[in-house]
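Report on the following structure.
Quick note: the coordinates plus some simple rules give every number you see, no bench work behind them. Since this is a predicted model, take the numbers as computed values, not measurements. All Cβ positions, even for glycine, are placed from backbone atoms using ideal geometry, and neighbour counts span all protein chains on display.
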Amino acid sequence: MATLAAKLPKYSLIIPIYNEQETISEMYRRVSAVMDRLDGETELVLINDGSRDKSLSMLRELHQRDKRVCYLSFARNFGHQIAVTAGLNFVRGQVIIILDADLQDPPELIPDILEKWRQGYQVVYAQRTKRRKESWFKRFMAFSFYRLLKSLADVDIPTDTGGFLLDGSFGR
């Protein structure tokens, strides 16, 4: 059993994918460069959320080239949160980091987030200062969503944090 525990990754990165064929190569290049610099084994879990483009075939190719990459694939689109939940049920790492595939959450910030974890924080959120390339309607909906979530939640969730976060509370 000790041999199996030694093979478990320290870090798990979860990235939901929906019709991201245009960004997958660049996302992987940047995430992989960060993974290479981390101080422990890392797995990259990509969840294909029913993409209709070439995303799934690209994920398969990444898995063939890099054994740190694994993927789950849904037969249809279930939505971002369901994809994240599937990833959370699948990962094996002690520390879990969730980010989006569109690179609005810069993977290069992962070491900074991990530093906060090393300082004793169990949950670390990254907060966007700008929402680039989004329509006024999407910005308005995000603005409204985070304020509604904050008013309904029993825990203090920082406004406009998005999905880029670390959770080290699993203690796997």
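List the trypsin sites (Lys or Arg not before Pro) within the stretch 40-131 that fall in a DSSP loop (any state other than H, G, I, E or B) and whose Cβ has at most 11 other Cβ atoms within 10 Å. Intermediate results must be reported in sequence, preceding the final value.
On the way: sites: R52, K54, R60, R65, K67, R68, R76, R92, K116, R118, R128, K130, R131; in loops: R52, K54, K67, R68, R76, R92, R128, K130, R131.
Qualifying residues, ordered by number: R52, K67, R76, K130.
Report the residues of the stretch 7-25 in range of a label on H80: point 7 Å along Cα→C-beta, backbone N strictly under 12 Å from it.
What the label zone holds, given the 12 Å backbone N cut-off, is 16-18.
Where does each of I113, I98, I82 land when they are ranked from fewest to most other beta-carbon atoms within 10 angstrom?
Details: I113 19, I98 23, I82 14.
Lowest count first: I82, I113, I98.
Among rounded, prolate and oblate, which fits the stretch 22-76 when a ≥ b ≥ c are the square roots of the eigenvalues of its C-alpha gyration tensor, a/c under 1.5 means rounded, and a/b larger than b/c means prolate?
Details: a/c = 2.37, a/b = 1.80, b/c = 1.31.
Note, shape of the stretch 22-76 comes out prolate.
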